[in-house]
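Encoded as structure tokens, the structure appears first; notes follow it.
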Amino acid sequence: RELRIHTYEGQVLRDATPRQLQHSANMDFDAAIKAHTNWKHRLLAFVADVGTEKLDPEVISCDDKCALGKWIYGSCRPQLGGDRRCQELISSHADFHRSAGQIVRFHLGGNRKAAMALLKGEFSQHSETTIRRIEAVRDAWSALAPSSIDSRSRTSSPGYRPTSLPPMRPEAGNKPRP
């Protein structure tokens, strides 16, 4: 498959088709959460040699191939990259994919014990962190839409380009920073 590089408003959008560019602001966060949650089950089955799924560690390690990754590099990073929630999602999502790829590498190399240890340890932590960060960005992104308009229809409308996310609210038990 040929790598496509497009630009939009001076930003490089990697591996995106014109249709994806048209709808790059539209992200189904719940589907992204489900897809990333399912990776743990897929990797467990792979390491246990249950099933027939072939996994390529080089592809899995790339954080810009899944729908969330394409959205991150197509909408979140270019438009909201300065927001801490977006930066944290970019970081945890990349860690998630690197860790998943390493699990596959270990297993393909015959080191099932290391693959399982990574899956139950570091990968599980990256997975939980990524899910929490997807939820944080989802909540902030949907808050950009006016109450009279569904956030999905607003974000997919032509010309919609948020420039910032609403201010972060302190988490329960944390005091706001001065």
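Before moving on, here are some points about what is shown:
- Listed peptides 117-129, 92-104, 47-59 appear in the order 92-104, 117-129, 47-59 once ranked by packing, highest mean of other Cβ atoms within 10 Å at the front.
- Peptides 132-141, 33-42, 67-76 ranked from most to least packed by the mean count of surrounding Cβ atoms within 10 Å: 67-76, 132-141, 33-42.
- Kirkwood radius, the range 26-125, all distinct C-alpha pairs, inverse of mean reciprocal distance: 14.1 Å.
- Overall shape: oblate for the range 59-98, with the ratio a/c of the largest to smallest alpha carbon gyration tensor axis at 1.5 or above and b/c at least equal to a/b.
Each value in this text was obtained by applying a stated rule to the coordinates, not by laboratory testing. Please read these numbers as outputs of a predicted model, since none were measured by experiment. Please note: Cβ atoms are built from the backbone with ideal geometry, for glycine as well, and neighbour counts cover all protein chains shown.
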